[in-house]
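The values are calculated or read from the model by the stated rules, or taken from the named source; none is laboratory data. Note that the structure is a prediction, hence the values are computed from the model and not measured. Here Cβ is always computed from backbone atoms with ideal geometry, including for glycine, and neighbour counts include all displayed protein chains. What goes into the accessible areas is simple: the full protein's heavy atoms, side chains included, and nothing from ligands, DNA or RNA. Shrake-Rupley method; radii C 1.70, N 1.55, O 1.52, S 1.80 Å.
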Amino acid sequence: MTIQTDAYTVAANKEDSTVTLAGTLRLQGREQYQPIFDLLLEAASWREGKLTMNMRDLIFLNSSGISAISLFIIEMRKIGKPVAIVGSNEVTWQSKSLKNFQRLYEQVEITIL
Amino acid sequence: MQASGKILHIGDNIDFHNDIDNLFSVTFLPLDFFDSWERGSLLSNFVADYYGHNFPGPEARNLISTVVNELIENAVKFSRNNSMPVIITIKKRKEEMLIQADNCLPKHRQDAFVAVCREISEKDLDELYVKRMHENLKDPNSSGIGLILIKKDYCAGLSFSFYTDDRHGTHVAVTAKLDFDDLRKQQ
């Protein structure tokens, strides 16, 4: 299951329960993020256990995107599903802001490589 | 924009006028962005690339582009009217970058926006972020997340000036200051 545009790719892999986000995600608001939010919810429903979100190649994510992912994390907290987020130390917004997702749900594990 | 009447300042004291090395300014209409939202990203990346000579490296580029983009998006979304100008002004002073977005505010949102600015300037930002995210569940237009992140995660100075001009009514000028000397010390 993949959403792909010239600016970004969001791809969910059922085999390893991983959603990979890459490129530039600077969409206008909640409505524009809804397809990505829905993809994440569906990927989370595939298997028991942890869902991994690989954001290492996500160069930009605007605050509307951070809000959309935050809402997804809050949904995961409601159902008690653990989430692992993988980021890159070389992408400034990730080294600065990924930790915020952990503030919303203690079962978010952040790895910055 | 020529101010008339009282000016209300909230937030950090940021000198936006003295000892400036260079500056440039872009004026556009929110309508331009609603036609093509990607313009915000293009403009933000241009600013980051332009100042890449002074502040080199992918980390600085990502930081500058992110902050400029948030201020642009905030100004466009909270403009009074799609046909009233938004002015983005970028200034460099030694190791500092000053980024200002000026837009007209709709009358019915002025008090709410002043309250958001006061919260960002006075409250614990980690707590405010969590609170705002939970409010967002009910109200997707709950504002200020981008501004909270600029101040909280990027340690940027942030100031808000509310003023009135005779032609367009009440404006807010949001100014962010990135001090690369301070940022390097934190690394």
> Within the range B:128-135, is there a residue that is more than 8 Å from chain A (Cβ to nearest Cβ), surrounded by fewer than 19 Cβ atoms within 10 Å (Cβ to Cβ) and under 27 Å from B:Asp32 (Cβ atoms)?
Replying inline: no
>> Let me confirm something: among B:Asp102, B:Asp166, which residue is of a type in the set (Asp, Glu) and crowded, with 17+ Cβ neighbours inside 10 Å?
In response: B:Asp102
> Within the range A:12-64, can you find the residues that are away from every other protein chain (no Cβ under 14 Å), touching a residue at least 12 places away in the same chain (Cβ under 8 Å), part of a helix (DSSP H, G or I) and of a type outside the set (Asp, Glu)?
Replying inline: A:Pro35, A:Ile36, A:Leu39, A:Leu40, A:Leu41, A:Ala43, A:Ala44, A:Trp46
> For the range B:60-76, does any single residue satisfy the condition of being hydroxyl-bearing (Ser, Thr, Tyr) and under 14 Å from the mean Cα position of the chain (by Cα)?
Replying inline: yes
>> Can you report the number of residues in the range B:89-119 which are more than 20 Å from B:Tyr51 (Cβ to Cβ), polar (S, T, N, Q) and in a strand (DSSP E or B)?
In response: 1
> In this structure, does A:Arg47 turn out to be farther than 17 Å from B:His134 by Cα, in contact with a Ser or Thr (Cβ under 6 Å, 6 or more places away or on another chain) and at pLDDT below 95?
Replying inline: yes
> If you check B:Ile88 against the conditions, is it of a type outside the set (Lys, Arg), under 26 Å from B:Cys117 (Cα atoms) and buried (at least 20 other Cβ atoms within 10 Å of the Cβ)?
Replying inline: yes
>> Of all residues being farther than 15 Å from A:Met76 by Cβ and facing chain B (nearest Cβ under 7 Å) in the range A:88-111, which is most open to solvent (accessible area, probe 1.4 Å)? Just the residue, please.
In response: A:Glu90
>> Looking at B:Leu42 and the list (1) within 14 Å of chain A (Cβ to nearest Cβ); (2) at positive phi, which single condition is not satisfied?
In response: (2)
>> Of all residues being among the hydroxyl-bearing types (Ser, Thr, Tyr), open to solvent by 40 Å² or more (accessible area, probe 1.4 Å) and more than 22 Å from B:Arg39 (Cβ to Cβ) in the range A:1-50, which is nearest to the chain's Cα centre (by Cα)? Just the residue, please.
In response: A:Thr20
> Name the residues in the range A:15-44 that are of a type outside the set (Phe, Trp, Tyr), in contact with a helix residue (DSSP H, G or I) (Cβ under 9 Å, 6 or more places away or on another chain) and under 20 Å from A:Glu109 (Cα atoms), would you?
Replying inline: A:Ser17, A:Thr18, A:Val19, A:Leu21, A:Leu40, A:Leu41, A:Ala44
>> With the requirement that a residue be over 21 Å from A:Pro35 (Cα atoms) and in contact (Cβ under 8 Å) with a residue 12 or more places away in the chain, what does the range A:85-102 give you?
In response: A:Val86, A:Gly87, A:Ser88, A:Asn89, A:Val91, A:Trp93, A:Gln94, A:Ser95, A:Ser97, A:Leu98, A:Asn100
> If you take the residues of the range A:65-87 that are at the interface with another protein chain (Cβ under 7 Å from one of its Cβ atoms) and of a type outside the set (Gly, Ala, Ser), which of them is farthest from B:Phe180 (Cα to Cα)?
Replying inline: A:Ile74
> Which condition does B:Cys117 not pass, out of (1) away from chain A (no Cβ under 12 Å); (2) within 18 Å of B:Val86 (Cα to Cα); (3) not polar (S, T, N, Q), if it passes all the others?
Replying inline: (2)
